[in-house]
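Engineer: Submitted below is the structure of interest, expressed as structure tokens.
The values are calculated or read from the model by the stated rules, or taken from the named source; none is laboratory data. Model, not experiment: these values are computed from the prediction. Note: ideal-geometry Cβ built from the backbone for every residue, glycine included; neighbour counts use all protein chains shown. Areas reflect the complete protein model, heavy atoms only, side chains present, ligands, DNA and RNA absent. Shrake-Rupley method; radii C 1.70, N 1.55, O 1.52, S 1.80 Å.
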Amino acid sequence: MIHVSNFSNGALNPALSYMVSCVGCFLGLRCTTRARAYQGAARARWLTLAALSIGTTGIWVMHFIAMLGFAIPGETIRYNVPVTILSMVIAVAVVGIGVFIVGFSQAGNGPLLLGGTIIGLGVASMHYLGMGAVRVDASLSYNYGLVAASVIIAVIAGTAALWMALRLDSVWSTFIASLIAGVAVNGMHYTGMAAVQAHAAPGLVVSTADTASATAFLLPLILGLSGVGFIFSALIALSPTAAEIVEEGELMKRIGQSQATRAAQAAQAAQGQAGRYEPRGWQPPPSQPYQPHQPYQAPRDEPGPDEPGSLFRPRRPTDQRLMLVISA
């Protein structure tokens with residue numbers, strides 16, 4: 001049996017993998033916190049972001065950062081590219097199934113246990129599928145007792161992550177929960193890696209088709225997904241918190257109720273006015289100012305002596321003025 005090293009770079013890989021796993025779990029837990037404050041499509045979007053954060057950064061990136069420290073003396077380790085990508089897809093898919101089961105189910109332990117079991121089995125599947133992508137000129141086998149232990153740890157870790165996602169709201173409690181989740185995920189990984197046994201296989205020919213080295217393939221992919229994680233961090237930091245979302249929802253609900261009350265009152269007033277009979281086209285006469293009673297005076301065609309003429313009815317001389325003119 002060939003000696004296998006999981007710490008070829010010392011404590012660098014375990015430390016980085018633990019840190020990245022904590023970041024991914026923290027982002028995922030914050031997404032689930034916001035998802036609980038929404039309903040319908042908005043909740044589904046936040047749960048999807050949670051699955052991406054936990055599945056990619058919290059689990060997959062952590063796994064392959066740790067795998068960069070995996071070495072077999074005298075052997076060059078390569079990875080099958082399609083199988084490696086498939087392991088990431090499986091990680092995101094199973095985490096998504098778990099969080100959606102819990103996110104859209106009624107409160108109770110049944111959905112929690114079901115979702116946690118699915119996530120745990122999915123994480124274990126991702127781990128061993130990722131190990132299946134390893135291409136090396138040696139025969140790899142596993143200690144099935146340690147394999148079973150790693151699966152149990154994965155199920156416990158998945159259930160604990162969902163429980164924390166449902167119970168924790170504050171940033172501080174989520175931070176503590178992400179530290180615990182990071183320990184669980186890394187514990188599962190290194191338990192599974194402890195189960196790996198390598199044996200010399202003279203004459204074994206390993207196909208290198210569709211493969212790439214760790215530095216040429218894994219490192220750029222890990223850096224890219226880490227950049228996506230930072231984008232998720234900015235998105236979550238700029239989005240309103242769960243408490244603000246709930247407060248805004250209650251405010252909009254009160255506004256809607258107030259508008260509905262006003263509309264109902266307006267409808268009742270309109271119905272009351274419609275009950276009175278009014279002729280078609282009738283309008284109430286305009287109000288007139290009060291005027292005292294004046295004696296009746298017959299209309300005159302001519303303005304009086306002290307009344308000026310107008311443009312359309314010029315003033316004519318009276319009979320007295322006409323007589324004076326004639327006598328003169």
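Engineer: How many residues are in contact with a Gly (Cβ under 9 Å, 6 or more places away or on another chain), among the polar types (S, T, N, Q) and open to solvent by less than 40 Å² (accessible area, probe 1.4 Å) if we restrict to region 1-33?
Structural biologist: Total satisfying the criteria: 6.
Engineer: Just checking, does region 23-32 include any residue being closer than 16 Å to G158 by Cα, at pLDDT below 90 and of a type in the set (S, T, Y)?
Structural biologist: yes
Engineer: With more than 29 Å from R78 (Cα to Cα), surrounded by 14 or more Cβ atoms within 10 Å (Cβ to Cβ) and not aliphatic (A, V, I, L, M) as the only criterion, which of W172, W163 stands out?
Structural biologist: Just one listed residue meets the conditions, W163.
Engineer: Take the residues in region 109-139 that are in contact with a strand residue (DSSP E or B) (Cβ under 6 Å, 6 or more places away or on another chain) and open to solvent by 40 Å² or more (accessible area, probe 1.4 Å), then tell me which one is nearest to P202 (Cα to Cα).
Structural biologist: So the residue we want is S139.
Engineer: Let me ask something additional. Does region 70-80 include one or more residues that are closer than 29 Å to T191 by Cβ, touching a Phe, Trp or Tyr at 6+ places or on another chain (Cβ under 8 Å) and touching a residue at least 40 places away in the same chain (Cβ under 8 Å)? Break it down into steps so the answer makes sense when it comes.
Structural biologist: Applying the first criterion (closer than 29 Å to T191 by Cβ) to region 70-80 yields 70-80.
Those left that are additionally touching a Phe, Trp or Tyr at 6+ places or on another chain (Cβ under 8 Å): 77, 79.
Subset that is touching a residue at least 40 places away in the same chain (Cβ under 8 Å): 77, 79.
Yes: region 70-80 contains one or more residues that are closer than 29 Å to T191 by Cβ, touching a Phe, Trp or Tyr at 6+ places or on another chain (Cβ under 8 Å) and touching a residue at least 40 places away in the same chain (Cβ under 8 Å).
Engineer: At pLDDT 75 or above, out of contact with any helix residue (DSSP H, G or I) (no Cβ under 9 Å at 6 or more places or on another chain) and either assigned to a helix (DSSP H, G or I) or farther than 24 Å from C31 by Cα (or both): is that true of A263 in this structure?
Structural biologist: Considered against the rule, which asks whether it is at pLDDT 75 or above, out of contact with any helix residue (DSSP H, G or I) (no Cβ under 9 Å at 6 or more places or on another chain) and either assigned to a helix (DSSP H, G or I) or farther than 24 Å from C31 by Cα (or both), A263 comes out as yes.
Engineer: Look through G158, G227, G182, G203 and report the one residue that is of a type in the set (G, A, S), more than 30 Å from A37 (Cα to Cα) and either surrounded by 15 or more Cβ atoms within 10 Å (Cβ to Cβ) or modelled with pLDDT under 75 (or both). Explain how you work it out, then say what you get.
Structural biologist: Numbers: G158 fails: more than 30 Å from A37 (Cα to Cα); G227 fails: more than 30 Å from A37 (Cα to Cα); G182 fails: more than 30 Å from A37 (Cα to Cα).
The conditions single out G203.
Engineer: Same structure again: So which residues in region 153-174 are within 19 Å of the chain's Cα centre (by Cα) and either hydrophobic (A, V, I, L, M, F, W, C) or over 16 Å from T57 (Cβ atoms) (or both), if there are any at all?
Structural biologist: A161, L162, M164, A165, L166, R167, L168, D169, S170, V171, listed by residue number.
Engineer: Here is a further query. Out of everything in region 155-199 that is of a type in the set (G, A, S) and touching a strand residue (DSSP E or B) at 6+ places or on another chain (Cβ under 6 Å), what residue ends up being nearest to L114 (Cα to Cα)?
Structural biologist: Among those that are of a type in the set (G, A, S) and touching a strand residue (DSSP E or B) at 6+ places or on another chain (Cβ under 6 Å), it is A195.
Engineer: Here's a follow-up. Of (1) modelled with pLDDT of 90 or more; (2) open to solvent by 50 Å² or more (accessible area, probe 1.4 Å); (3) more than 25 Å from the chain's Cα centre (by Cα), S150 satisfies all except one. Which?
Structural biologist: Of everything listed in (1) modelled with pLDDT of 90 or more; (2) open to solvent by 50 Å² or more (accessible area, probe 1.4 Å); (3) more than 25 Å from the chain's Cα centre (by Cα), S150 misses just condition (2).
Engineer: Out of R36, R45, I need the residue that is surrounded by fewer than 24 Cβ atoms within 10 Å (Cβ to Cβ), closer than 29 Å to R167 by Cα and free of Cβ contacts under 8 Å to residues at least 24 places away in the same chain. Which one?
Structural biologist: None of the other options fit; the residue is R45.
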